[in-house]
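What follows is a single structure, written as structure tokens, with notes after it.
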Amino acid sequence: MNFDINNLIRENVKSMKPYSSARDEFKDFDTANMIFLDANENPFQNGVNRYPDPQQSSVKSVLATQRNVNPNQILLGNGSDEVLDLLFRAFCEPKVDNIISLPPTYGMYGVLANINAVENKEVLLSTDFQPQVELILETVDNNTKIIFLCSPNNPTGNSFSDESVLKLLENFKGLIVIDEAYIDFSEKKSWLAKINEYPNLVITQTLSKAYGLAGIRLGICYGSAEVISVLNKIKPPYNVNELTQVRALERLRNPDKIKSEIASIIEQREKLLKVLLDVNFVEKSYPTEANFILIKVDDANKRYDELIAKGIVIRNRTTQALCKNTLRLTIGTEEENRKLMEALTK
């Protein structure tokens with residue numbers, strides 16, 4: 001497939017000059033002993049009186065090593081939502097272009113489409129929650145810039161088949177964005193291994209789930225150097241603050257702790273799946289490769305209210321496409337899961 005990124009970039013983005021921050025101008029110098037009088041900062045040291053590294057070089061270096069990619073293939077954002085928003089801003093012309101999303105899925109794709117005045121063409125997943133590839137390709141038109149795939153999918157928990165993803169990658173001339181927020185809980189490999197084979201492949205990940213850092217808001221985007229360069233051109237200069245960068249580095253440098261927590265979550269997930277088999281109002285537990293389980297019940301609103309009354313907050317997904325009378329249960333600690341299982345069985 002012939003892929004030319006210049007056919008996707010908005011014309012105003014092509015012609016714009018990015019903002020050059022004070023720190024960007026000294027990125028090639030040894031700054032250890034320099035006196036900084038360039039950015040109108042408070043000179044009294046307190047750990048955060050200076051602007052953060054606008055390119056988050058230390059965090060990217062660790063991620064690049066761990067993920068076996070080049071730092072210039074990484075963009076960091078204020079949560080994955082900023083990364084997704086930048087994709088809209090860079091490649092989708094308001095009131096002209098469109099994207100395709102596959103409900104039931106992560107709701108921010110549609111929200112960001114609305115914010116950016118971009119049409120969201122929804123193509124429902126099949127009844128077994130897989131992409132309807134032929135229907136998706138039939139829905140594509142000359143103004144379709146991005147197809148969003150959430151795999152493992154939220155709220156269903158399943159991964160999309162390799163065959164479906166590959167067919168879309170090979171037949172769509174726009175960007176295929178695979179949201180891998182839950183990939184660490186799956187036995188399937190990340191699509192990062194294919195990042196150099198498909199120039200139209202973009203992958204988003206996050207430190208909010210498996211890494212336990214939802215509170216610091218750090219989203220990650222992997223793509224070709226050309227795609228990342230476009231996103232860097234339009235991102236705010238200091239979009240990832242110093243405290244976030246420091247905390248992310250601390251966590252990333254402790255991979256054994258992360259693996260242990262992931263293993264615990266998966267173990268608790270399997271225990272909960274077994275208990276759900278004997279809960280009389282649970283009609284079905286859907287296969288999951290995430291840190292949550294989607295269940296179909298007799299009356300989602302009733303069961304949701306009953307669990308709230310017992311002090312347990314879950315997510316009612318009954319209003320989502322293909323998800324009538326479903327509840328989404330996030331996997332907690334062993335003690336939290338014990339209380340959930342006890343509440344469900346009573």
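Within the stretch 234-263, being modelled with pLDDT of 95 or more, open to solvent by less than 50 Å² (accessible area, probe 1.4 Å) and under 23 Å from Leu84 (Cα atoms) holds for Ile234, Lys235, Asn239, Val240, Thr244, Gln245, Ala248, Leu249, Leu252. What are the residues in the stretch 45-72 that are farther than 27 Å from Asp256 by Cβ and surrounded by 12 or more Cβ atoms within 10 Å (Cβ to Cβ), if any? Correct list: Val48, Arg50, Tyr51, Pro52, Pro54, Gln55, Asn72. Applying a threshold of 6 Å to beta carbon distances and a minimum spacing of six or more residues, or different chains, the list of pairs starting in the stretch 196-218 at a residue that is closer than 14 Å to Leu84 by Cα and ending at one that is aromatic (Phe, Trp, Tyr) reads Ile203/Trp191; Ile203/Tyr222. The residue that is surrounded by the most Cβ atoms within 10 Å (Cβ to Cβ), among those in the stretch 282-303 that are under 26 Å from Ser260 (Cα atoms) and among the small types (Gly, Ala, Ser), is Ala290. One residue alone among Thr127, Thr156 is more than 19 Å from Ser224 (Cα to Cα), in contact with a strand residue (DSSP E or B) (Cβ under 7 Å, 6 or more places away or on another chain) and touching a residue at least 12 places away in the same chain (Cβ under 8 Å), and that residue is Thr156.
Within the bounds of the stretch 47-58, is there any residue that is at pLDDT 90 or above, within 30 Å of Lys189 (Cβ to Cβ) and in contact with a Leu (Cβ under 7 Å, 6 or more places away or on another chain)? Yes, there is a match, as at least one residue in the stretch 47-58 is at pLDDT 90 or above, within 30 Å of Lys189 (Cβ to Cβ) and in contact with a Leu (Cβ under 7 Å, 6 or more places away or on another chain). Could you go through the stretch 274-287 and let me know if any residue there is in contact with a helix residue (DSSP H, G or I) (Cβ under 8 Å, 6 or more places away or on another chain) and either at pLDDT below 95 or closer than 28 Å to Gln66 by Cβ (or both). Checking the stretch 274-287: not a single residue is in contact with a helix residue (DSSP H, G or I) (Cβ under 8 Å, 6 or more places away or on another chain) and either at pLDDT below 95 or closer than 28 Å to Gln66 by Cβ (or both). For the stretch 173-187, the tally of residues that are in contact (Cβ under 8 Å) with a residue 60 or more places away in the chain and buried (at least 16 other Cβ atoms within 10 Å of the Cβ) stands at 9.
Just to be sure I understand the filter: pairs with C-beta atoms under 8 Å, separated by 6 or more residues or on different chains, first member in the stretch 322-334 and part of a loop (DSSP other than H, G, I, E, B), second member among the aromatic types (Phe, Trp, Tyr). Which pairs pass? From residues that are part of a loop (DSSP other than H, G, I, E, B), the pairs are Leu322/Phe129; Ile331/Phe292.
With respect to the stated conditions, Asn196 is polar (S, T, N, Q) and surrounded by fewer than 22 Cβ atoms within 10 Å (Cβ to Cβ).
Taking the criterion of being in contact (Cβ under 8 Å) with a residue 24 or more places away in the chain, farther than 26 Å from Ser15 by Cβ and of a type in the set (A, V, I, L, M), the residues of the stretch 219-258 that qualify are Ile220, Val240, Leu243, Ala248, Leu249, Leu252, Ile258.
Select from the stretch 267-307 the residues that are among the aromatic types (Phe, Trp, Tyr), touching a residue at least 24 places away in the same chain (Cβ under 8 Å) and closer than 24 Å to Glu335 by Cβ and list them in ascending order. Once the filter is applied, which keeps residues that are among the aromatic types (Phe, Trp, Tyr), touching a residue at least 24 places away in the same chain (Cβ under 8 Å) and closer than 24 Å to Glu335 by Cβ, the stretch 267-307 yields only Phe292.
The values are calculated or read from the model by the stated rules, or taken from the named source; none is laboratory data. Not measured: the values here are computed from a predicted model. Backbone-built Cβ (ideal geometry, glycine too); neighbour counts: all protein chains shown. Note: accessible area is taken over every heavy atom of the protein model, side chains too, but ligands, DNA and RNA are not part of it. Shrake-Rupley method; radii C 1.70, N 1.55, O 1.52, S 1.80 Å.
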